[in-house]
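Let me begin by presenting the structure, written as structure tokens, before commenting on it.
Each value in this text was obtained by applying a stated rule to the coordinates, not by laboratory testing. Keep in mind that what you see is a predicted model, and the values were worked out from it rather than measured. Note that each Cβ is placed from the backbone with ideal geometry, even for glycine, and that neighbours are counted across all protein chains shown.
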């Protein structure tokens, strides 16, 4: 039986894993390679490494971190942040990533999705979408896409953009609720469900994980294929092995033992 | 020496890295001559079935078929396993090796496609490749087309229907999943291949 995936996300800044609340107030959480191996040993089904302050100066740091993390990691490994063109993606694959995540660059140039998928396969292309609920609540565009690490609104509808990204050749959607990111108040199940029902590719829910119940809800009500969390895993609030036990007890199929 | 066949599609780093980790002597090659002299051959595939057209152009198809015929252990991974069959619905014009009967097909519309994630294996008895692998072990899949259930099936998985997760006949092995991304279970399978 296909299981629901639990993905540990490492937000990286200057070669270190960090975690903030609503994309701000960063705290140090360790070395990427050590964090990734520890999470995988503890039952993480997949590791995502995001360079959250990606700049060209940081590019070498990112590639070094990818290389050292990939060396002893034998579960799927996704890398995102600062990938603007095909050559950037190629360098990240060459350093050992299995998939790349693109966000701002895909919004700017949707053809980039197909370009990378054409060379490395759709399974290697994750389109990351940062979405926020509109405060005015007007119109049917209820979730707006933001780019540049959540700093720039695009005026685009998240569900529509997910559909377009899938049509362009994306293999998965990594969907982050900016409203819930780092708050540990639960995933935005409504957002996740709308996107999951709009596309046939897997949807990874992100933003808001705080308790096992949140994961159960996003798999059942949100129809997520995978759920991603960062802070609760790094700071030991939630243990992945324990989380999987609770999911299994609740009737959610998970990979265990690993 | 194990030759990992590079026909110009996708990223073979992860496969090489896993064999390196196991201490195996591996070389990534696009040369038919290197394939011919290798003791064992790994053929990882990724992407669209049409990309296998490149095998015909480069002489790699002949090299792979000769190695298979000469009883050299050959492991097809993902699209590389699909190639061991007669062909695929994904691209009717490109022929597979025809070592296993039947064609690869799309998943039924009752399930989302592609099939991505960790799924369990129903292991058949007597497989060399899956020796010591526990029943219902989890492996990582990512694919849109699946190989049919055949006589040489070494393990089955379920996703909307039952399909071949692994096949085996004599020196020929195929896995639809990615052993290089399947944690300890996957590494054990690759180790078994090294020891065949």
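For the reader, a short list of remarks on this structure follows.
- Per-residue [θ]222 nm for the protein assembly as shown (sum of -39500 (n - 2.57) over DSSP H runs n ≥ 4, rounded to 500): -8500 deg cm²/dmol
- Computed from the Cα positions only, the extents of segment B:72-112 along the three principal axes stand at 40, 20, 14 Å, in decreasing order.
- Alpha-carbon centroid distance for the pair segment A:183-258 / segment B:29-72, whole angstrom: 41
- Likely footprinting exposure, A:16, A:108, fewest C-beta neighbours within 10 Å first: A:108, A:16
- Taking every residue in B:116-125 and counting other chain Cβ atoms within 10 Å of its Cβ, the average works out to 5.
- Shielding value for B:142-148 is 2, the average number of Cβ atoms from other chains within 10 Å of each residue's Cβ.
- Cα-Cα separations in segment A:5-249 greater than 24 Å, expressed as whole percent: 40
- Segment A:5-249, relative contact order in percent, only Cα pairs under 8 angstrom and at least six apart counted: 17
- Taking every DSSP beta bridge that has both ends in segment A:5-249, the antiparallel portion is near 30%.
- Debye log10 I(q)/I(0) for segment B:78-139, one point scatterer per Cα, at q = 0.14, 0.15, 0.20, 0.27 Å⁻¹: -0.57, -0.65, -1.00, -1.08
- By the beta-carbon count within 10 Å of each Cβ, the least crowded to most crowded order of B:191, B:40, fewest first, is B:191, B:40.
- Taking only the Cα atoms of segment A:81-145, the ratio Rg/Rh comes out at 1.11, with Rh defined as the Kirkwood radius.
- Modelled FRET efficiency - R0 51 Å, residue B:22 with residue A:136, Cβ distances, 0.05 increments: 0.35
- Taking B:83, A:256, B:118, A:161 and counting other C-beta atoms within 10 Å, the order from fewest to most: A:256, A:161, B:83, B:118
- Cα-only Debye scattering, segment B:2-195: base-10 log of I(q)/I(0) at q = 0.08, 0.10, 0.14, 0.18 Å⁻¹: -0.22, -0.34, -0.71, -1.25
- Relative contact order computed over segment B:2-195 (Cα-Cα under 8 Å; 6+ residues apart), in percent: 19
- Cα-only Debye scattering, segment B:31-94: base-10 log of I(q)/I(0) at q = 0.16, 0.23 Å⁻¹: -0.49, -0.99
- Overall form of segment A:86-231 per C-alpha gyration tensor (a/c, 1.5; a/b vs b/c): prolate
- Working note: Cα gyration tensor of the protein assembly as shown, eigenvalues times five, square-rooted, sorted largest first, giving semi-axes of 36, 22, 22 Å.
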